[in-house]
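Below you'll find the structure, written out as structure tokens, and then a few comments.
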Amino acid sequence: MSLKKINTVLTAAFVLFILWFGAEFILSPETTAPGFGLRSWPSGDGGGFLIVKGIRDIVLALVLAILLMTGHRRALGWVLLVEALAAYGDMTTVLTHHGSVPTALGVHGLTATLMVATGLLLIHETGKVQAPPATAS
């Protein structure tokens with residue numbers, strides 16, 4: 001399997017998983033929230049922040065999907081690197097609020113690291129500048 005196909009499959013998987021997680025946080029935040037890794041359900045109107053997280057995730061996935069579908073693979077690699085910061089931020093949030101360390105590292109940290117690896121693979125894939133075809137004189 002070529003590097004381009006591997007990168008496409010990995011990116012498509014990220015798009016689908018991020019869309020799914022985002023939709024889950026919007027549609028059923030009370031059942032999805034415990035999987036995020038924090039110990040307690042937000043009090044008062046704090047549950048609205050889970051919907052904000054869901055909307056953020058959907059937007060992040062749509063940006064990746066658009067770049068993938070339009071063939072802007074180098075930009076896609078850079079965007080994956082930047083979007084990995086959101087997952088590292090989620091990991092840091094869980095760790096600094098005394099949440100589940102296995103979830104912080106195993107879900108958020110691993111996701112972010114896989115995003116970085118895929119982003120670097122995409123940049124590597126597109127880094128080879130091809131010379132224009134030679135013309136006969």
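The values are calculated or read from the model by the stated rules, or taken from the named source; none is laboratory data. Nothing here was measured: the structure is a model prediction, and the numbers come from that model. Please note: Cβ atoms are built from the backbone with ideal geometry, for glycine as well, and neighbour counts cover all protein chains shown. Accessible surface is based on the protein model in full, side chains and every heavy atom, while ligands, DNA and RNA are left aside. Shrake-Rupley method; radii C 1.70, N 1.55, O 1.52, S 1.80 Å.
Brief remarks follow.
So that you can scan it fast, the table gives a plain yes or no per residue for (1) over 26 Å from residue 4 (Cβ atoms); (2) aliphatic (A, V, I, L, M); (3) in contact with a His (Cβ under 9 Å, 6 or more places away or on another chain):
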{"position": "20", "(1), (2), (3)": "no, no, no"}
{"position": "28", "(1), (2), (3)": "yes, no, no"}
{"position": "33", "(1), (2), (3)": "yes, yes, no"}
{"position": "38", "(1), (2), (3)": "yes, yes, yes"}
{"position": "47", "(1), (2), (3)": "yes, no, no"}
{"position": "69", "(1), (2), (3)": "no, yes, no"}
{"position": "73", "(1), (2), (3)": "no, no, no"}
{"position": "83", "(1), (2), (3)": "no, no, no"}
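- Residue in the range 88-98 that is open to solvent by 30 Å² or more (accessible area, probe 1.4 Å), among the aromatic types (Phe, Trp, Tyr) and closer than 30 Å to residue 123 by Cα present: yes
- In the range 6-57, of all residues being in a helix (DSSP H, G or I) and aromatic (Phe, Trp, Tyr), the one that is nearest to residue 77 (Cα to Cα) corresponds to 14.
- Residue, modelled with the highest pLDDT, within the range 83-137, restricted to residues that are within 14 Å of the chain's Cα centre (by Cα) and of a type in the set (D, E, K, R): 83
- Condition met for residue 60 (assigned to a helix (DSSP H, G or I), closer than 19 Å to residue 114 by Cβ, touching an Asp or Glu at 6+ places or on another chain (Cβ under 9 Å) and not basic (Lys, Arg)): yes
- The set of residues from the range 16-67 being crowded, with 19+ Cβ neighbours inside 10 Å and farther than 23 Å from residue 100 by Cα comprises 60, 61, 64, 67.
- Number of the exception - residue 79 against (1) under 12 Å from the mean Cα position of the chain (by Cα); (2) over 25 Å from residue 127 (Cβ atoms): (2)
- Every residue from the range 1-31 that is farther than 19 Å from residue 62 by Cβ and not acidic (Asp, Glu): 1, 2, 3, 4, 5, 6, 28, 29, 31
- Pairs where the first residue, in the range 36-64, is farther than 19 Å from residue 16 by Cβ and the second is small (Gly, Ala, Ser) and assigned to a helix (DSSP H, G or I), C-beta under 7 Å, 6+ apart: 37/104; 41/33; 50/33
- Condition check for residue 80: open to solvent by 30 Å² or more (accessible area, probe 1.4 Å) and either at pLDDT 95 or above or of a type in the set (A, V, I, L, M) (or both): no
- Qualifying position, being aliphatic (A, V, I, L, M), surrounded by fewer than 17 Cβ atoms within 10 Å (Cβ to Cβ) and closer than 28 Å to residue 39 by Cα, among 107, 101: 101
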